[in-house]
Amino acid sequence: MTPAVAGFFHEPTCTISYVVADEANGVCAVIDPVLDYEACSGRTGTEFADTLVGYIRDKGWRTAWVMETHIHADHLSAAVHVKERLGGQTVIGDQVGTVQKVFSSLFNAEDGFCTKGSQFDRLLADGESLPLGGMEIQALYTPGHTPACVSYHVGDAVFVGDTLFMPDYGTARCDFPGGDAGTLFESIARLMALPDETRMFVGHDYCPGGRDVVWETTVGAQKASNKHVGNGATRQDFIDMRTTRDKDLSLPQLILPSVQVNMRGGAMPPSEDNGVRYLKIPIDQV
């Protein structure tokens, strides 16, 4: 089966959000929606997310699912906003609690903060499927970038989040808490086992060399030419490369606000006694 896929590029964070649909049955899912956020003022916005909402409304589709590939460290999730506008249930992989435990401790989250993923409507186990009209979305557990990353396979398409990028950019970093280069290599091998013609949709594009933004490739193209794992790269070569490369990477600019929101399923922290919500900045901890 061939689902309809529309990608939407959020230029400030180089993120691609997706709408994937069974057009014949008028049902869609949203994957990795982005909330606009201005770090200098602490103001959020929904202009980008509303582009997705408007697209789906124009198509007349019913939104069944609002899905996250992982707890993102580079943008705030608009899952709550999209769900409020379109309905559907929020979804993430069932290992999300491992990430919540780390960051709820770092940010000294409020009493009662749940580290078992209850902020999301559905937690998917590896191999578990959700209906999408006459199709199915299957969760493929692909940790390594984080311990809770999941890819979504529907028909001839797979949405890989930050596991892989376009072939000329390579693969995700593995230096976040619980990340592991060897694990990522094994997850990538799992994706590479899909048929070569499988359409692969990546979570970011950083436009190396100044080329135009691109977010769709194939499994076959990744196997042949991904600069980090293509053309027969070995597991140890990948671990050595990734470990060396990650030592020189700066943290994402929005990691501190992003994780606090995203570990809550896209919701802001609760208001304090003055009625204001706050995002914390831990000093000398990251």
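Laboratory data are not the source of any read-out in this text; all were calculated from the coordinates shown. Here the structure is a predicted model, which is why all the values come from computation and not from measurement. Positions of Cβ are backbone-derived with ideal geometry, glycine not excepted, and every protein chain shown enters the neighbour counts.
The sole residue among Gly161, Gly112, Gly155 that is more than 23 Å from Val34 (Cβ to Cβ) and either touching a residue at least 60 places away in the same chain (Cβ under 8 Å) or among the β-branched types (Val, Ile, Thr) (or both) is Gly155. Scanning the range 71-107 for residues being on the phi < 0 side of the Ramachandran plot and not in a helix (DSSP H, G or I) gives a total of 16.
A quick yes/no check of all residues on (1) in contact (Cβ under 8 Å) with a residue 60 or more places away in the chain; (2) of a type in the set (Val, Ile, Thr):
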{"residue": "Ala125", "(1), (2)": "no, no"}
{"residue": "Leu130", "(1), (2)": "yes, no"}
{"residue": "Ile137", "(1), (2)": "yes, yes"}
{"residue": "Tyr141", "(1), (2)": "no, no"}
{"residue": "His145", "(1), (2)": "yes, no"}
{"residue": "Pro167", "(1), (2)": "yes, no"}
{"residue": "Gly179", "(1), (2)": "no, no"}
{"residue": "Glu186", "(1), (2)": "no, no"}
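In the range 220-255, the residue that is nearest to the chain's Cα centre (by Cα) out of those that are assigned to a loop (DSSP other than H, G, I, E, B) and hydrophobic (A, V, I, L, M, F, W, C) is Leu254.
Is it the case that the range 262-280 has a residue that's surrounded by 16 or more Cβ atoms within 10 Å (Cβ to Cβ), at positive phi and touching a helix residue (DSSP H, G or I) at 6+ places or on another chain (Cβ under 8 Å)? Within the range 262-280, one or more residues are surrounded by 16 or more Cβ atoms within 10 Å (Cβ to Cβ), at positive phi and touching a helix residue (DSSP H, G or I) at 6+ places or on another chain (Cβ under 8 Å). Within the range 51-70, the residues that satisfy the criterion of being over 9 Å from the mean Cα position of the chain (by Cα) and part of a loop (DSSP other than H, G, I, E, B) are Gly60, Trp61. Could you list, in sequence order, the residues of the range 124-140 that are surrounded by fewer than 19 Cβ atoms within 10 Å (Cβ to Cβ) and part of a strand (DSSP E or B)? Ser129, Pro131, Glu136, Gln138, listed by residue number.
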